[in-house]
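Before any comments, here is the structure.
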There are 2 protein chains.
Amino acid sequence: MIKLNLVEPSRENFAPFGDLITLDGAEHFPINQGSTERFHALSKVDVGDEGGKPIISLFRGKAFHLPFKLRVMERHPLGSQSFIPVTTSLTNQYLVIVAPATCQTEEEITQNLHAFLVKGFRGVTYAKGVWHHPLISLDEEQDFIVVDRSGPGNNCDEISITQEITVAN
Amino acid sequence: MIKLNLVEPSRENFAPFGDLITLDGAEHFPINQGSTERFHALSKVDVGDEGGKPIISLFRGKAFHLPFKLRVMERHPLGSQSFIPVTTSLTNQYLVIVAPATCQTEEEITQNLHAFLVKGFRGVTYAKGVWHHPLISLDEEQDFIVVDRSGPGNNCDEISITQEITVAN
């Protein structure tokens, strides 16, 4: 049995898996004659492979609770997928569980898991091919703006996790 | 002097200018073994011309108040631009002032203006080349997720509005 500890994400520790979307440390500058501040390019969107196009959707995620048992991981080999919480609350939180895109088997995935507790208005972009758990809103239902790929081809690999793995605070 | 009246946007009346981003009437279906509801493809993103790539940014718009005097319109000839308010409030509101992409002069623009009052969690995508006023948050500062184009080339045309045009409720 493996117990995964939760880590607070930063731009640096999340970089191997994609982009942490946050205003902290973001490049920003005034536009529109000073009436708007642009926090620029918080995340790339990388969905053009094999004729893919970006689309904007909304995911409404049911509430999960800690401790959380891992049963499945997935990845999108043809494109990035960005999640941005629709919230102004500083206390809402969700889980992000990832493994490097280079993993090929359950064993490689489970030996390279990282679990992040993301709080408030912070989003994540999973880079193309990065293994991740489907959306895990904590404590209450949450809405996320999602930017991902629409287009031809198989863009979802899924793998069952049979090892006993628990995420706890 | 022209007084523009405010209209509530719908998918239909906004279609000539782009996409109204709303959960009302959106296609949706369960994913992730039923733990997530996906409100699918609320908007297209059309930024690929001349090597453009999509990026995710955040715009923080200062508060404006009605009546509003129009002084400038702009358009992005190489790509769409999507605005999604980061709010769970039903009462926040912002203005959207548009004119068709086919307009070439101030006179054509001012004779074809449409003004929308957008309330709550609803976004808009300005289609490529559609004339629009820069962000107009009403009554309070507001944050918007913005998906637009990064890349080479001139992607902003701006035109001063010298005619006296006022938007009022």
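Where a number appears in this text, it was derived from the coordinates with a stated rule and is not lab data. Quick caveat, the model's predicted, so the values are computed rather than measured. Ideal geometry is used to build each Cβ from the backbone, glycine not excepted, and the neighbour counts take in all protein chains shown.
Quick notes on this one:
- Spatially close lysines, pair count over the protein assembly as shown: Cα under 16 Å, gap of eight or more or interchain: 13
- Of B:Phe14, B:Phe29, B:Phe39, the one that fluctuates the most in a GNM where chain B has Cα springs shorter than 10 Å: B:Phe29
- Protection-proxy order for peptides A:92-102, B:155-165, each taking the mean of Cβ atoms within 10 Å per residue, highest first: A:92-102, B:155-165
- Note on region A:125-165: Kirkwood radius taken over Cα pairs, Stokes-Einstein applied at 25 °C and 0.890 mPa s, translational D equal to 185 µm² s⁻¹.
- DSSP bridge pairs, chain A: antiparallel proportion in percent, nearest 5: 85
- Local charge for B:Asn154 was computed over the other residues whose Cβ lies under 15 Å away, with Lys and Arg +1 and Asp and Glu -1, and equals -3.
- The calculated FRET efficiency for A:Gln104 paired with A:Gln163, based on their beta-carbon distance and R0 = 22 Å, is about 0.90.
- Shape call, region B:63-112: gyration tensor on alpha carbons, a/c limit 1.5: oblate
- Across the identical copies, the 7 Å label point of A:Phe29, projected outward along Cα→Cβ, sits 4.3 nm from its counterparts, in ascending order.
- Region A:33-169: C-alpha gyration tensor shape, a/c 1.5 cut-off, then a/b vs b/c: oblate
- Distance from the alpha carbon centroid of region B:48-126 to that of region A:11-29 works out to 26 angstrom.
- The mean number of partner chain beta-carbon atoms within 10 angstrom of a residue's beta-carbon across peptide B:84-94 is 2.
- For the protein assembly as shown, the spread of Cα positions along each principal axis, largest first, Å: 74, 38, 37
- With a 10 Å cut-off around each Cβ of B:30-38, the average count of Cβ atoms from other chains is 6.
- A straight chain from A:Gln111 to A:Val72 at 0.36 nm per residue would run longer than the Cα-Cα distance by 12.6 nm.
- Note on chain A: helix-only mean residue ellipticity at 222 nm, from DSSP H runs of 4+ residues weighted -39500 (n - 2.57) and normalised by residue number, equals -1000 deg cm²/dmol.
- Label point of B:Lys119 (7 Å along Cα→beta-carbon): distances to the other copies' equivalent points are 3.5 nm, sorted ascending.
- Top of A:Pro16, A:Pro30, A:Pro67 by mean-square fluctuation, Gaussian network on chain A, Cα under 10 Å: A:Pro30
- Local electrostatic count, B:Phe29, Cβ distance below 13 Å [Lys/Arg +1, Asp/Glu -1]: 0
- Estimated dipole of the protein assembly as shown in Debye, rounded to 20 [Cβ of Lys and Arg +1, of Asp and Glu -1, Cα centre]: 280
- Look at the stretch B:40-50: the mean tally of other chain Cβ atoms within 10 Å of its residues' Cβ atoms is 4.
- In this structure, B:Thr88 and A:Lys3 have a Cβ-Cβ separation that, at R0 = 30 Å, corresponds to a calculated FRET efficiency of about 0.35.
- Label distances, nm, B:Pro16 versus same residue in remaining copies, Cβ-directed 7 Å point: 5.5
- Think of each Lys and Arg Cβ as +1 and each Asp and Glu Cβ as -1; about the Cα centre, that makes the dipole of region A:72-169 roughly 440 debye.
- Prolate/oblate/rounded call for region B:1-53, Cα gyration tensor, a/c under 1.5 rounded: oblate
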